[in-house]
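I have placed the structure first, in the form of structure tokens, so that the comments after it can refer back to it.
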Amino acid sequence: MTLSEIRERAIAPALALLPARMSSPQAEVMLLAIGLQESNLTHRRQIGGPARGLWQFERGGGVAGVLRHAASRDYALLVCDVRGVQPVAEQVYQQLEHDDVLAAAFARLLLWTDPHALPAEHDPEGAWQLYLRTWRPGKPHRHTWDNHYARAVREVVR
């Protein structure tokens, strides 16, 4: 899928499930950039690893964190109800591979757990730091981030 299709089919419907204050160009840029960084917005099952969904969530990491965190828990329960999945880490984890809207919503909720404001579109370093704080990648690839981030910005800020 193209970035436009990801926005239309996954991100927009996911943001529509969440409070309006969670929807912004900065949020969309972050979701696209992280999706590109994690899976190239192509792989719903991590190559050689346990993560699932376009944003590559692990059961005991991001999934459990979003379901438990005070800032995201109630919204996660609502999203799970609307998407027809039990709000249990194992159930959400399994469904992320097949439900891009659920995956995008959980990705936005993981960003929501960070106490800092989303970075501006012209701040790839701030965006990188947010990605590191929230996704906590085991093997971060800084050398690919700026290109992914620039692609995301071009897509959202036309």
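Structure data summary
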read-out: Filtered residues of the range 138-154 (kept if loosely packed, with under 15 Cβ neighbours inside 10 Å and over 18 Å from ARG7 (Cβ atoms)); value: GLY138, LYS139, PRO140, HIS141, ARG142, HIS143, THR144, ASP146, ASN147
read-out: In the range 22-67, residue farthest from TYR149 (Cα to Cα) [restricted to those that are touching a His at 6+ places or on another chain (Cβ under 6 Å) and of a type outside the set (S, T, N, Q)]; value: LEU36
read-out: Matching option when the condition is more than 16 Å from LEU118 (Cβ to Cβ) and hydrophobic (A, V, I, L, M, F, W, C), among LEU18, LEU32, LEU41; value: LEU41
read-out: Helices (runs of 4 or more DSSP H) (entirely within the range 47-123) containing at least 2 residues that are of a type in the set (Asp, Glu) and touching an Asp or Glu at 6+ places or on another chain (Cβ under 6 Å); value: none
read-out: Sole residue being touching a residue at least 12 places away in the same chain (Cβ under 8 Å) and surrounded by fewer than 24 Cβ atoms within 10 Å (Cβ to Cβ), chosen from ARG83, ARG73; value: ARG83
read-out: Scan of the range 19-41 for residues that are surrounded by fewer than 20 Cβ atoms within 10 Å (Cβ to Cβ), in contact (Cβ under 8 Å) with a residue 24 or more places away in the chain and not in a helix (DSSP H, G or I), ordered by number; value: PRO19, SER24
read-out: Unique match (being out of contact with any strand residue (DSSP E or B) (no Cβ under 6 Å at 6 or more places or on another chain) and either over 17 Å from SER23 (Cα atoms) or among the aromatic types (Phe, Trp, Tyr) (or both)) among LEU132, LEU96; value: LEU132
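Read the figures in this text as sums done on the coordinates, not as results from a lab. Bear in mind the structure is a predicted one, so any value in this text is a computation, not a measurement. Here the Cβ is made from the backbone with ideal geometry for all residues, glycine too, and neighbour counts use every protein chain on show.
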